[in-house]
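Novice: Would you mind keeping the following structure in view while I ask a few things?
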Amino acid sequence: QVQLVESGGGLVQPGGSLRLSCAVSGSMFSMYIMGWYRQAPGKQRELVADITSRGNTNYADSLKGRFTISRDNAKNTVYLQMNSLKPEDTAVYYCNARITTLWYWGQGTQVTVSS
């Protein structure tokens with residue numbers, strides 16, 4: 001079973017930055033499309049960004065320019081750099097790995113943006 005472990009969440013003031021990391025077990029990391037999703041209280045889970053095995057990226061329109069997704073295939077890790085954070089970015093952030101019809105999820109990490 002593939003395991004995804006997120007880290008890096010926490011409390012940050014508006015305008016601040018955080019970097020989330022997600023470590024993935026197994027030997028197939030380089031083949032996965034990796035993504036970050038988030039779910040705010042009372043809302044549906046939504047895509048933040050994803051990145052293909054070749055490094056092509058895709059972002060939610062509302063987050064372009066503030067968030068950056070990247071991956072290190074040698075470390076089996078995907079990152080999400082979040083800058084200029086706003087209170088509305090408060091959510092649980094989930095790491096996702098997918099290949100064909102197989103989807104794997106991490107347990108989530110809480111990000112709270114508040115003064």
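Novice: Tell me yes or no: at least one residue of region 41-51 is in contact (Cβ under 8 Å) with a residue 60 or more places away in the chain and either assigned to a strand (DSSP E or B) or touching a helix residue (DSSP H, G or I) at 6+ places or on another chain (Cβ under 7 Å) (or both). Working first, answer last.
Specialist: Taking region 41-51 as the starting set, the residues that turn out to be in contact (Cβ under 8 Å) with a residue 60 or more places away in the chain are none.
The answer is no; no qualifying residue exists.
Novice: Let me ask something else about it. Give the residues of region 84-115 that are open to solvent by 60 Å² or more (accessible area, probe 1.4 Å), closer than 16 Å to A60 by Cβ and either in contact (Cβ under 8 Å) with a residue 60 or more places away in the chain or within 11 Å of the chain's Cα centre (by Cα) (or both), sorted by residue number.
Specialist: Hits for region 84-115 are S84, K86.
Novice: Among (1) free of Cβ contacts under 8 Å to residues at least 60 places away in the same chain; (2) buried (at least 18 other Cβ atoms within 10 Å of the Cβ); (3) under 14 Å from V5 (Cβ atoms), which single condition is K75 missing?
Specialist: If we test K75 against (1) free of Cβ contacts under 8 Å to residues at least 60 places away in the same chain; (2) buried (at least 18 other Cβ atoms within 10 Å of the Cβ); (3) under 14 Å from V5 (Cβ atoms), just (2) comes out false.
Novice: Please list, ordered by residue number, the strands (runs of 3 or more DSSP E) wholly in region 54-115 having 3 or more residues that are within 12 Å of M34 (Cβ to Cβ). Can you show your working first?
Specialist: Details: elements: 57-59, 67-72, 77-82, 91-99, 102-105, 109-113.
Fully inside region 54-115 and qualifying: 67-72, 77-82, 91-99, 102-105.
Novice: Sticking with this one: Quick check on region 18-30: of everything there that is assigned to a loop (DSSP other than H, G, I, E, B) and open to solvent by less than 60 Å² (accessible area, probe 1.4 Å), which residue is modelled with the lowest pLDDT? Please lay out each step first, then the result.
Specialist: Filtering region 18-30 for residues assigned to a loop (DSSP other than H, G, I, E, B) gives 25-28.
Within this subset, residues satisfying the condition of being open to solvent by less than 60 Å² (accessible area, probe 1.4 Å) are 25-26.
Numbers: S25: 96, G26: 92.
Applying the filter and picking the extreme gives G26.
Novice: Next question. Can you name the residue in region 31-51 that is of a type outside the set (A, V, I, L, M, F, W, C) and surrounded by 14 or more Cβ atoms within 10 Å (Cβ to Cβ) and is also nearest to K75 (Cα to Cα) among such residues?
Specialist: Restricting attention to region 31-51, the residues satisfying the condition of being of a type outside the set (A, V, I, L, M, F, W, C) are 32, 35, 37-39, 41-46, 50.
Now restrict to residues that are surrounded by 14 or more Cβ atoms within 10 Å (Cβ to Cβ): 32, 35, 37-39, 45, 50.
Working: Y32: 14, G35: 16, Y37: 21, R38: 23, Q39: 26, R45: 27, D50: 17 Å.
In this case the residue turns out to be Y32.
Novice: Which residue out of T112, T90 is closer than 18 Å to L11 by Cα, at pLDDT 95 or above and touching a Gly at 6+ places or on another chain (Cβ under 9 Å)?
Specialist: On the way: T90 fails: touching a Gly at 6+ places or on another chain (Cβ under 9 Å).
Criteria check complete, one pass: T112.
The values are calculated or read from the model by the stated rules, or taken from the named source; none is laboratory data. Since this is a predicted model, take the numbers as computed values, not measurements. We place every Cβ from the backbone using ideal geometry, glycine too, and count neighbours over all the protein chains shown. Please note that ligands, DNA and RNA were not included when accessible areas were found on the heavy atoms of the full protein model with its side chains. Shrake-Rupley method; radii C 1.70, N 1.55, O 1.52, S 1.80 Å.
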